[in-house]
1. For all pairs of alpha-carbon atoms in the stretch 346-494, what percent lies in each bin of width 10 Å, listed from the first bin to the last filled one?
2. Can you give the alpha-carbon Rg of the stretch 388-462 over 2.2 N^0.38 Å, where N counts its residues?
3. Just to check I understand the Karplus step: with θ = phi - 60° and J = 6.51 cos²θ - 1.76 cosθ + 1.60, what whole-Hz values come out for the stretch 483-498, glycine and proline as x?
4. What would the Debye formula give as log10 I(q)/I(0) at q = 0.18, 0.19, 0.21 Å⁻¹ for the alpha-carbon point model of the stretch 431-500, no solvent?
5. So how strong a dipole does the chain carry about its Cα centre when Lys and Arg Cβ are +1 and Asp and Glu Cβ are -1, to the nearest 20 debye?
6. Roughly what would the spin-label model give for Gln258 and Arg209, points 7 Å off Cα along C-beta, in nm?
7. For the chain, state what percent of all Cα-Cα pairs lands in each successive 20 Å bin, counting from 0 Å until the bin that includes the largest distance.
8. Can you sort Arg401, Arg122 so the residue with the fewest Cβ neighbours within 10 Å comes first?
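Nothing in this text is a laboratory measurement; each read-out follows from the coordinates by a stated rule. This one's a predicted model, so the numbers in the text were calculated from it and none came from an experiment. We place every Cβ from the backbone using ideal geometry, glycine too, and count neighbours over all the protein chains shown.
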Amino acid sequence: MSDRDQEKAAKRAQWEEINRAKAAAKQKEQNAPEKAESRSGAAHKQFQAIRGTRDLLPPDTALWNRVEQTAHEIFGTYGFGEIRPPIFEQTELFARSIGLETDVVSKEMFSFVDQGVPGMVRLMYMITEWPDPTSDAEQFSAYLRCVSDFIVGLEKGMEREELPRSPANRQALEDLRRHLDALTQTSLKHDQSKRLALDCVQAICLAARLVELGDYLTLRPEATASVCRAYIEHNMQQLPQPVKLYYMGAMFRRERPQKGRHRQFYQIGAEILGGPDAPAIDAELIEMLMTFFDKCGLQGTELSINSIGHAADNCRRGYVAKLREELLKVKDKLGADSQRRIETNPLRVLDSKLEQEQPIIVTLPRIADHLCDDCKAHYAAVKHDLDLRGVAYHENWRLVRGLDYYMRTTFEITARGLGSQNAVCGGGRYDGLVELLGGPPTKGIGFAIGEDRLILSLQEGGQALAAQGRDVFIAWMGQNAYATAIRAAKTLRNAGFRVELPATELKFGKALERASKLGSRFALILGDNEIQGGEWTLKNLANAEQQKLTEQALLEYLLKL
Ligand code: HAM
């Protein structure tokens, strides 16, 4: 066989081998579910975290903890105290504060009805979604039973105060009874009577939909509204003003998940409520924020600021009217979202990232030219105060923010390594929000940091913490040594060392192997010799050096390192 032939044959053999391996892997895959099924009698479902949510795991969680600890420390030095509001609130709280037309409220909230009486929501859906209750006698009587059960549930629920005794529910109850009576008296025999029955069904559907079946609740999409609610609920206006509060925790928005954007995400935020609206308050809050980012080691931060004035004809309202006028002139050139926003919220058009809209947006009127004198002076003073504090910023006239409650100062911070979702923090002034929620006239300003994005940016900047290993792995051998090992673990942990005490006895070689896999610095070897001699063996796993030490000497040695 020539060299070439040999080469060809070798290649063929190689391919055959690869194909055999592929076929075997495929066969294995096909057999796997059968095997699993035959073992357990049923296939086991594998669960996964819900889309847009994720597990935060070690070693990343160490970085999360460090960031949160830094927030506690820095915010504390500026006189802030921590508030922990609940994770869900009445839907109306968010709808009213954030605004019905905002993306957050109109599309992104996780809302649910907290059923006062279990089963009532199901009955309501059955009544309102029944395909055609008049299709035959069987369907008809089943439908009558369903409506009657719903009415009884509503009556009892209201009686026991498990369902709201609201005017809406009283009216719905009366309507449902009346329409059910009428429906019972119809027959399906003639077309005319069937039409009457269908009219009654329609009226029943309408009344059933209007029943208030419980509280409408929402997983918080942000925490500013909750903090304002708490300020009012706990009469915090009686405390020395302003009240400075910070929070951290999970928020929920039903957004399309992507890098830096999750459905369950975490914010670290701070709010200042009450007191004056002195520009120094805005500036100090921003200074605190930048100090925090600095202490975290966040790189490439850029602070943008703007003022969106206040809601008056000679200020923002006048500007918005002018902006709408200009936008209407170029409506055809805008995308669908911006076209809709001309009516609902023209300011948000300035936020648009659509490439085709950019040349148009730069020609639009700017809010800075339409601020009233007071807002203009406030904005100038905020900038002056930031200069005094050495906080670098740049002005961005397009920074309007996506929530309705803002007025005057708005700001955003971007950081490196985040791709398109590069806003790591957003905030602004919201005088009037507390009043809108039923409290006294109160000034307010705050921010929220997207913690997921902050962590991502820190990691991209090489700040990941090394996997946390152990200081001491206790390799114990024999039951005699086990009791001593327990005592040693307790003593070392009390002294602050990270200790791994294996739950079962391991052979010496296996124990050392496990110790190094866990990244342990030392192995403490405890066998019969150590127990009898009263001296323990400490092995340095980096250089394999061993020494014998009494219990006391060992502790002292480790503490000195
Ligand atoms: P926001 O701009 O909606 O403001 O959110 C603040 C920050 O939260 C954003 O800059 C971003 O870093 C992060 N964030 C928002 N949505 C997501 C998401 N789906 N996934 C990951 N991170 C996200 C507020 O929430 C206001 N409450 C801030 C505030 C406080 N204004 C005054 N006080």
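1. Pair shares across the bins are 8, 23, 25, 14, 8, 9, 8, 3, 0.
2. Output field value: 1.32.
3. Calculated HN-Hα couplings, in order: 4, 5, 4, 4, 5, 4, 4, 4, 4, 5, 5, 4, 7, x, 7, 7 Hz.
4. -0.82, -0.85, -0.90
5. Dipole magnitude for the chain comes out near 1460 debye.
6. 3.5 nm
7. With a bin width of 20 Å, the distribution comes to 15, 31, 32, 19, 3, 0.
8. Starting with the residue having the fewest Cβ neighbours, the order is Arg122, Arg401.
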